[in-house]
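Enquirer: This is the structure I have questions about; it appears just below.
The values are calculated or read from the model by the stated rules, or taken from the named source; none is laboratory data. Note that this is a predicted model, so its numbers are computed, not measured. When we count neighbours, we look across all protein chains shown, and the Cβ atoms used for this are built from the backbone with ideal geometry, even at glycine.
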Amino acid sequence: MKITIIGTGYVGLVTGACFAEVGHTVTCVDADPKKVALLQAGGIPIYEPGLDEVVRRNVAAGRLLFTQSTGEGVANSEVIFIAVPTPPQPDGSVDMSYIESVAREVAGHLTAYRIIVDKSTVPVKTGEKVTETIKRYRKTSVDFDVVSNPEFLREGFAVEDLMKPDRVVIGVSSQRPVAAMKEIYSPFNAPIIVTDTNSAELIKHAANSFLALKISYANALSVICEAAGANVQEVTRGMGLDNRIGTRFLQASLGFGGSCFPKDLSAFIHISEELGYDFQLLKEVQRINADQMARFVKKIQDNLWVLRDKRIGVLGLAFKQNTDDVRTSPAIDLCQRLLKEGAKLRVYDPEAMEKAKALLPASDTVEYVADMDAVTDGVDALAIATEWPQFTKLDLARARKSMRTPIIFDGRNLFDPAEMEKLGFIYKSIGR
Ligand code: UGA
C-alpha cells in the first residue's frame, strides 16, 4: 500500500517506519525543515530502541520517504494518517489546533478519493469535526472517508508494540475504507476490531485511563501495605495471577507520568464533563497519583529531617525506562521538589540528561554525572526515580562506602529490602 503519515513525532515516525518495514511505501510529512533534513540524512530525533535500524533499512530500500510538503503526501498515497500533537490546555481540555489545521491543508490538496485516518489521541467526536472541516475546505466535491485508528504503543517499546499489536482498532462511518485499512494491517497478524468512529475514539481514552487506574490502585495498596507491614509486590502478584486482573501495570511507584496518562486522564475527565458525566473515579486516580509523589518526598524529609544543603543523588530523569523523554516525568518533578527544599543534586540517566537540562535549573545545585556509580559519591541519600533495568546493577558495595550516609529511597522497588538492610543501607521503598 502507499501510505502518507503527517507528523513525525513518536507515533508518526514509529508508525511510518513499521509500515515501511512490512513492505508498504510510506511518505512522512513534517512541517519542521530541520527534522525532515535530519531524517533524510538517516538521523533520528528521539531515543527509541530499535527505531534507528528500521528507519535506516527502509530509507535505503526506498520505502520510507520524508518531505515537508503535505501536497506531495496527499498526491502520493490513497491513505493519509494524521499523527500530530494534541497537547493539553490549562483547563484539561485538548488543543485541537494542529489536527484542525492538517485537516484544512489536506482538504485543500484533495483531487481524488482519499482515506484520512486519525492516529493522534483525540476527544470523541473528532472524526465528525474532521469530516465537516474537510467538506468545508475541499476545493471540489471529491469523495473521502475519515477513519479513527488509535495507537497503543508505549514509548521505549514502540517498535515492538507496533510490530506485534494486541489489537488494531478501526473506527469508520462507512464500509468503503475498511478493506484498505485491513490490508495495511494484515502483515501484523493482530485481531482487528472494526467499529464506529466515536467508539474507536473512546477506546483510546478508556484504555489509557484504565491503565492509569491500575497503577493508582497499586499505589493506594502500597499505602495500606506500608501501614500494615505487608509487601505490595506480593499483594499485586497474588492478585494479578488471576487472569481477569493480570499482573501488568500494577507496579507501585512514585507515580506515573509521561506525555500520555496525565494528559489523557485530564482530557477524559473534561470530555465526560462536557457529555454530562462527572467521572469522579478518574479524579481519584489523579489524586492518588499526586499523593504518591507527595508521600515519597515526605518520606525523604522525614528521614533526612532538613533538606537544605543536603546532597542527594538521583538515579533516573526519564519518565520511565528505555526513553529519553522527560515530559511530565515524575523524576523531574521529584528533582524540582528537592531543589525547592534547598537540596543539592547529583543526577544520572542513561539517555535523558540532555533533555532534562532544559527543565532543571542551570546552576551549581544540579550536577550531571557521566557514570551511574558516581551518582552516590559523597551524597547524604540516593533516590531512585526511574525503573531503568541497569540501575539494579548499581555497585552497592561501592555505593555503601562512597555515600556520606547510606540511605536509599527507592521509588521503583528495584532492590530487595532484606538484602539492602544486610548490606548496611537504610532502605525505604514503596509499599514494602
Ligand atoms: C502509554 C500507554 O501504555 C500506551 O498504550 C499508549 O499508547 C501511550 O500511553 C499513548 O497514549 O501514547 P507510555 O506513556 O509510553 O504509554 O508509557 P507507559 O509504559 O504506559 O508508562 C506510563 C507511566 O506509568 C510511566 O511513568 C511508568 O513508569 C508508569 N508505570 C507504568 C508505573 O508507575 N507502574 C506500572 O506498573 C506501569
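Enquirer: Across region 84-100, which residue is surrounded by the most Cβ atoms within 10 Å (Cβ to Cβ) among those that are closer than 18 Å to residue 5 by Cα and among the hydroxyl-bearing types (Ser, Thr, Tyr)? If you could, list the steps in order and put the result at the bottom.
Expert: Looking only at region 84-100, we keep the residues that are closer than 18 Å to residue 5 by Cα, and these are 84-86, 96-100.
Next cut, among the hydroxyl-bearing types (Ser, Thr, Tyr) only: 86, 97-98.
Values: 86: 20, 97: 13, 98: 17.
If we take residues in region 84-100 being closer than 18 Å to residue 5 by Cα and among the hydroxyl-bearing types (Ser, Thr, Tyr), then 86 is surrounded by the most Cβ atoms within 10 Å (Cβ to Cβ).
Enquirer: Taking into account only those residues within region 198-216 that are within 15 Å of the ligand (Cβ to nearest atom) and in contact with a Ser or Thr (Cβ under 9 Å, 6 or more places away or on another chain), which is farthest from residue 256 (Cα to Cα)? Can you show your working first?
Expert: Kept after step one, since they are within 15 Å of the ligand (Cβ to nearest atom), are these residues of region 198-216: 200-216.
Going one step further and asking which of them are in contact with a Ser or Thr (Cβ under 9 Å, 6 or more places away or on another chain), we end up with 200-201, 203-205, 208, 215.
Details: 200: 25, 201: 23, 203: 20, 204: 18, 205: 16, 208: 12, 215: 7 Å.
For region 198-216, the residue satisfying everything is 200.
Enquirer: Identify, please: which residue in region 421-431 is in contact with a strand residue (DSSP E or B) (Cβ under 7 Å, 6 or more places away or on another chain) and surrounded by fewer than 20 Cβ atoms within 10 Å (Cβ to Cβ) and is, among those, nearest to residue 295 (Cα to Cα)?
Expert: 426
Enquirer: Among the residues of region 115-122, is any among the polar types (S, T, N, Q) and in a loop (DSSP other than H, G, I, E, B)? Show your work before the answer.
Expert: First pass over region 115-122, keeping only residues among the polar types (S, T, N, Q): 120-121.
This time we only want the ones that are in a loop (DSSP other than H, G, I, E, B), so: 120-121.
Yes, because at least one residue in region 115-122 is among the polar types (S, T, N, Q) and in a loop (DSSP other than H, G, I, E, B).
Enquirer: In region 317-368, what residues are more than 16 Å from the ligand (Cβ to nearest atom), surrounded by 18 or more Cβ atoms within 10 Å (Cβ to Cβ) and part of a loop (DSSP other than H, G, I, E, B)?
Expert: 343, 360
Enquirer: Right, another one. I'd like the full set of residues that are farther than 22 Å from residue 431 by Cβ and among the β-branched types (Val, Ile, Thr), limited to region 263-308.
Expert: Scanning region 263-308 gives 269, 271, 306.
Enquirer: Considering each residue of region 64-83, count those that are buried (at least 23 other Cβ atoms within 10 Å of the Cβ) and assigned to a loop (DSSP other than H, G, I, E, B), and give that number.
Expert: 1
Enquirer: Can you tell which of 246, 257 is touching a Pro at 6+ places or on another chain (Cβ under 6 Å) and either among the β-branched types (Val, Ile, Thr) or at pLDDT 95 or above (or both)?
Expert: Numbers: 246 fails: touching a Pro at 6+ places or on another chain (Cβ under 6 Å).
Step by step, each of 246, 257 is checked, and only 257 is touching a Pro at 6+ places or on another chain (Cβ under 6 Å) and either among the β-branched types (Val, Ile, Thr) or at pLDDT 95 or above (or both).
Enquirer: Considering (1) more than 25 Å from the chain's Cα centre (by Cα); (2) within 16 Å of residue 311 (Cα to Cα), say which one residue 348 fails and leave the rest.
Expert: Condition (1) is where residue 348 drops out.
Enquirer: What are the pairs with Cβ atoms under 6 angstrom where one residue, in region 207-233, is crowded, with 19+ Cβ neighbours inside 10 Å and the other, located anywhere, is of a type in the set (Ser, Thr, Tyr)? Sequence gap at least six, or different chains.
Expert: 218/236; 232/222
Enquirer: So, one more: Considering each of 271, 300, 245 in turn, give the residue that is touching a residue at least 12 places away in the same chain (Cβ under 8 Å), β-branched (Val, Ile, Thr) and either more than 23 Å from residue 326 (Cβ to Cβ) or outside any helix (DSSP H, G or I) (or both).
Expert: When all the criteria are applied, what remains is 271.
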